[in-house]
Amino acid sequence: MGKALGIDYGEKRTGLAITDSLRIIASPLETVPTAILKDHLKKLVEKEKITTLVLGEAKYADGTDAPITEKQNSFATWLTKTFPNVELVRIDERGTSARAAEALFLGGMKKSDRQKKENLDKVSAALILQMYLEQFP
């Protein structure tokens, strides 16, 4: 079984998280400027032998699409075309940012580090990936 990569796609930054080879644990990996994300992913998917991409899908509390959903859908199409042999799974990401902020606080991260959006993005990606692991064990 190959690794899974979680993606919290954003307009400016995209958080990434990865599983171990056995897909037991989802860990925050890094935050990448969205402008260079595609080139970065081409290298990362090959290097880490990724077999599943888990992309967050932004929704409002009532289930309607958030403004960024259209860009996420376009990015999902690119992923499917670029990595035809890699499974793509979409996960509803509602509430991940709030839960990520709480996790950073409970984990004892200093306030100045918690305020860095990069940290929030990669932890959000890990939460998206963890939701996938729980839904598809």
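The values are calculated or read from the model by the stated rules, or taken from the named source; none is laboratory data. Source: prediction; values computed, not measured. Neighbour counts are summed over all protein chains in view; Cβ atoms, including those assigned to glycine, are modelled from backbone coordinates with ideal geometry.
Below are the figures for this structure:
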{"read-out": "Residues (in a loop (DSSP other than H, G, I, E, B) and within 14 Å of residue 133 (Cα to Cα)) located in the range 1-38", "value": "1, 2, 20, 21, 22, 23, 24, 25"}
{"read-out": "Only listed residue being out of contact with any helix residue (DSSP H, G or I) (no Cβ under 6 Å at 6 or more places or on another chain), farther than 27 Å from residue 35 by Cβ, of a type in the set (Lys, Arg) and at pLDDT below 85, chosen from 117, 110", "value": "110"}
{"read-out": "Residue that is modelled with the highest pLDDT [pool: residues in the range 55-66 that are exposed (fewer than 13 other Cβ atoms within 10 Å of the Cβ) and either in contact with a Gly (Cβ under 9 Å, 6 or more places away or on another chain) or within 19 Å of residue 125 (Cα to Cα) (or both)]", "value": "60"}
{"read-out": "Complete set of residues in the range 79-98 that are assigned to a helix (DSSP H, G or I) and at pLDDT 65 or above", "value": "79, 80, 81, 82, 96, 97"}
{"read-out": "Odd one out for residue 130 among (1) closer than 16 Å to residue 10 by Cβ; (2) outside any loop (DSSP other than H, G, I, E, B); (3) modelled with pLDDT of 85 or more", "value": "(1)"}
